[in-house]
Every structure is written in C-alpha cells, then in structure tokens.
1. If Leu133, Leu15 are ordered by their accessible area, calculated over protein heavy atoms with a 1.4 Å probe, which sequence runs from highest to lowest?
2. Excluding Leu208 itself, calculate the net charge of residues whose Cβ lies under 15 Å from the Cβ of Leu208, where each Lys or Arg counts +1 and each Asp or Glu counts -1.
3. Keeping the other protein chains in place, figure out the carbon and sulfur percent of the accessible area of segment 106-147, with a 1.4 Å probe.
4. Using a basic spin-label model with each label point 7 Å from the Cα along Cα→Cβ, how many nm lie between Glu156 and Glu124?
5. In a GNM of the chain with a 10 Å cut-off on Cα contacts, which of Pro164, Pro79, Pro180 has the highest mean-square fluctuation?
6. Where the centre of each part is set by its Cα atoms, how far does segment 36-79 sit from segment 157-231, in angstrom?
7. Can you give the longest run of the chain that contains no chymotrypsin sites (Phe, Trp or Tyr not before Pro) sitting in a DSSP loop with at most 11 other Cβ atoms inside 10 Å?
8. Convert each backbone phi in segment 118-132 into a coupling constant with the Karplus relation 6.51 cos²θ - 1.76 cosθ + 1.60 (shift: θ = phi - 60°), then list the ³J(HN,Hα) values in order as whole Hz, x for Gly and Pro.
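The values are calculated or read from the model by the stated rules, or taken from the named source; none is laboratory data. Since the model is a prediction, treat every value here as computed from it, not as a measurement. So basically every Cβ, Gly included, is an ideal-geometry build from the backbone, and we count neighbours across all protein chains shown. The protein model used for the area step is the full one, side chains on, heavy atoms only, and it has no ligands, DNA or RNA in it. Shrake-Rupley method; radii C 1.70, N 1.55, O 1.52, S 1.80 Å.
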Amino acid sequence: MNMSQKMAAEFLGTLWLVLGGCGSAVLAAAFPEVGIGLLGVALAFGLTVLTMAFAIGHISGCHLNPAVSFGLWAGGRFPAAELLPYIVAQVAGGIVGAGILYLIASGQEGFSLAGGFASNGFGEHSPGGYSMLSVMICEIVMTLFFLIIILGATDERAPKGFAPIAIGLGLTLIHLISIPVSNTSVNPARSTGPALFVGDWAVSQLWLFWVAPIVGAILAGFIYRYFRSVE
C-alpha cells in the first residue's frame, strides 16, 4: 500500500472511532428512559476499533490513534518516517468525525456544547471530579496496557486472526474503568476532535490528553521490546 492509501484508511478509521464512540456518548448514553449508559458507550468504542481492524487492518495497520503509532514505533514495529503522516490523518479524521457528530446532534432542539460533547477533562471537567494527577496516571496506565494488548495480539507468535477481537475488547475494558475518571481518551485524535468544538476549557486541558497517552504508549513499546529480548 502507498502512503496516500494508508492515510486515507487512517482518516476514515479515526472518523468512525470518534463518530461511533463519542456519538454513542452524545446521542445515546442518556437517551430518555432507555439510554445505553456507561456500558454501552464503552462497548461502542470497542466496536469501532474491532470493526475497523477487520476493515482496514490490512491497509494501514488500523492505528486510529497517535499514541498507538508512537507505541508501535517504540516497540520497533513502525517506521519513524511514517509517524507524522499517520498522525495528521488521524487528527483530521477525528476532527471530521466530531464535525459530523455536531451536525447530527445540533439538529435536536435544546442541544448545547455546554454538556461537554464527550470531551475529556480533569478537575471540575472530569465526570467524577478527579484531579489532574489522577487523570494523568489513569491515562498513562490505561494507554500502556492498551499498547501491550496491541503489541501482544499482533505479534507474529500470537494466534492468527483474533487480534481485532482482543484489541476491541481491551478498549472496551479500558473505557469501563476510566470513563468516570477522564471520559477516557487513551487517544489524542479522539480528544482533539470534540475539544475543538467545545473550545474554552476543553482546549486548555487538551495537552494532558496528548502527553499522557503518548508517554504510556512509548513505555509500553519499550516494555514489549524487553519481552522480545529475553526470548
């Protein structure tokens, strides 16, 4: 595959992740009387990755996440030269996905971005009121384990054909743990799209949802290199 094909796949995949995952939170989580709730939102995020991994994994590797790209690079599984194009495509997809979600959501009377639009935050903008330090630790650790799952499930020695299921369920579990803490990022592109529409506090806190996931992902890459070195 050439780079333009890989970028197009990453753009569409990340668009789907934001539209499907954040869309479930904005449109369906608290739908009158029978909303899908936290469990439904967690499952929706997992399903976006699972479905795209089967759809575009053979084209771009289905990163859909700058932290994943950094983690795979740190683990020796992705070339540094492709980091920037992948990240540009992922962030663009996240923004367009959030834009489509905004067009849909704003068609309902009474819709307001004041509800947060599924943005990530800490302090008063954390769903559970968690501090900046708590959110940072959570995002680093959750992303670290997400990358361990990805690196392990896609290892050449792992059972073939099951990686999308493990990765999708892994992301679901991560959301079940951390939605109350940060609304769950573990993905700077996912955080950037909604934040740009909310502006204000969401943009001012966005730095944490770039730094923490990338730190966690790079740590995971180095840990997995250690696992490979002691075979």
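1. Working: Leu133 110, Leu15 25 Å².
My answer, sorted largest first, is Leu133, Leu15.
2. Details: positive: Arg190; negative: Glu124, Glu139.
Every neighbour counted, the sum reads -1.
3. On the way: 1310 of 2200 Å².
C and S fraction of accessible area: 60 percent.
4. Result for the modelled spin labels: 5.5 nm.
5. With Cα springs under 10 Å in the chain, the top fluctuation among Pro164, Pro79, Pro180 is at Pro79.
6. Cα centroid to Cα centroid, the span is 9 Å.
7. No qualifying site falls inside 1-161, the longest such stretch.
8. In residue order, the calculated couplings are 6, 6, 8, x, 10, x, 5, 9, 7, x, x, x, 7, 6, 4 Hz.
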